[in-house]
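The values are calculated or read from the model by the stated rules, or taken from the named source; none is laboratory data. Small disclaimer: the values here were computed from a predicted structure and weren't measured. Glycine also receives a Cβ, built like all others from the backbone with ideal geometry; neighbour counts cover every protein chain displayed. Just so you know, the surface numbers come from the protein's heavy atoms only, side chains and all, with ligands and any DNA or RNA stripped out. Shrake-Rupley method; radii C 1.70, N 1.55, O 1.52, S 1.80 Å.
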Amino acid sequence: MFPGVSISLVSSAAFAAEDWQIIKVNGHDYVSVDNISRFYGLPAEVVPGGKKISLETAKKPLEFVNASREIMINGARGWLCFPVINHDGKFLVSRTDLAKTIEPQLRPHRGPDAGKVQTVVLDPGHGGHDKGAVSRYGNEKDFALDVARKLRPILQAKGLRVIMTREGDYFVPLEVRAQIANAARDSIFISIHFNATDRDPSATGFEIFSFTPRGAPSTSDNAAAPGSFSMQAGSQVDAQSVALSACIYHSLLGHIPEFDRGIKRARFAVLRLTKVPAVLVEGGFLTERGESKLIAQKEWRAKLAQAIGVGIENYQSLAVKKQPPMLVADYRRQTKSVPAPAEPITPEMDLSLISLIGESKLLPPTPTETHRPASLQQPNPRSLLESAVIVP
């Protein structure tokens, strides 16, 4: 078996459900791809290394690559917490990823309180002395605020209450942004940013982040040593945050033809401190000439806001329709109805994937990672909380 083989789970009739068989490898829990295949009714196809993975197909809801953290779920790129391994002739996926990465994206409508939202907290990144990324056309802080302002009336028209963490060009401390979201009833938190890099000036595309699960590395942590992450905090709304990420990300890719950088995990402060479903959107690179020029266009930013709004609406519909949201391929076909997913009907007595991972006691937040923080003097947090712009 080649080390770089890809494994696709292809839509088919459902197999009989069975209990999960946990496989211990070096003290860590895994489940086999075969076991996942049987549960979801998706027969596995193994492709030799060197074959290009199809980036969009309704017939391949799941695609793994041996010895890699990269995964394709329903036609969008994603990242596992831990790489797929080949052990005793079986391809194995971590128990954490089954419950925290795969299930919330394949069946987001089955998650706890999925789609329960009355308030959207929009968080335009940076502000004031913190310009964020800079291009020849302008600053990230201004572009992010403009997208949030364009998104607000779109959400209001859908009957949602909207809160802005900042309405103008001033800096709001990261912890205050999270406090605003935590204080709102049935809220979700959308932090809007644009990307930058000093390593690859040709880097482009969208990516979206939710909080890293406890005991797992973030996507950017290449040295995935599980023991070193065991004391990091987790989140009680992890499944909802991943589902929200997927809903927004599929809409972004479906409406705007940008490079797919994936659904990722990070311990940014606004995600770590937020106790409600929360995501951080990176809407393209200000360090790439062509993409920065697009971002500077008001019409393009309006399209970005519209795509985020559709994604939020699809997340909200999870609680109402009890069906999966639209996917990249659906948007690209410009269909208006939500298609029936290729998903087996499993008996009520099937083992819950949420209970499979178990509930972990959460640890207090630790100052491990922020999103391009500023170290200058910050305004009074109380005054900022009181001045948060709330629109009924």
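Data table
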item	result
Single unsatisfied condition, V279 versus (1) touching a helix residue (DSSP H, G or I) at 6+ places or on another chain (Cβ under 8 Å); (2) more than 26 Å from G215 (Cβ to Cβ)	(2)
Check on P112, open to solvent by less than 40 Å² (accessible area, probe 1.4 Å) and at pLDDT below 95	no
Hits in region 108-143 (condition: of a type in the set (V, I, T) and farther than 25 Å from V310 by Cβ)	V134
Selection status of I180, in contact (Cβ under 8 Å) with a residue 60 or more places away in the chain, outside any strand (DSSP E or B) and closer than 19 Å to P277 by Cβ	yes
Filtered residues of region 115-157 (kept if open to solvent by less than 20 Å² (accessible area, probe 1.4 Å) and at pLDDT below 95)	G115
So R185, is it within 17 Å of V121 (Cβ to Cβ), at pLDDT below 95 and in a loop (DSSP other than H, G, I, E, B)	yes
Qualifying positions in region 305-333 - touching a Cys at 6+ places or on another chain (Cβ under 7 Å) and either in a loop (DSSP other than H, G, I, E, B) or surrounded by fewer than 16 Cβ atoms within 10 Å (Cβ to Cβ) (or both)	P325
Number of the exception - P257 against (1) open to solvent by 10 Å² or more (accessible area, probe 1.4 Å); (2) at pLDDT 95 or above; (3) closer than 29 Å to L294 by Cβ; (4) not charged (D, E, K, R)	(2)
In region 158-168, the residues that are open to solvent by 40 Å² or more (accessible area, probe 1.4 Å), assigned to a loop (DSSP other than H, G, I, E, B) and touching a residue at least 40 places away in the same chain (Cβ under 8 Å)	K158, E167
Condition met for F171 (in contact with an Asp or Glu (Cβ under 7 Å, 6 or more places away or on another chain), at negative phi and assigned to a loop (DSSP other than H, G, I, E, B))	yes
Of all residues making up region 166-199, the number that are within 23 Å of N314 (Cα to Cα) and hydroxyl-bearing (S, T, Y)	2
Of the criteria (1) open to solvent by 20 Å² or more (accessible area, probe 1.4 Å); (2) in a strand (DSSP E or B); (3) of a type outside the set (G, A, S); (4) modelled with pLDDT under 95, which one R77 fails	(4)
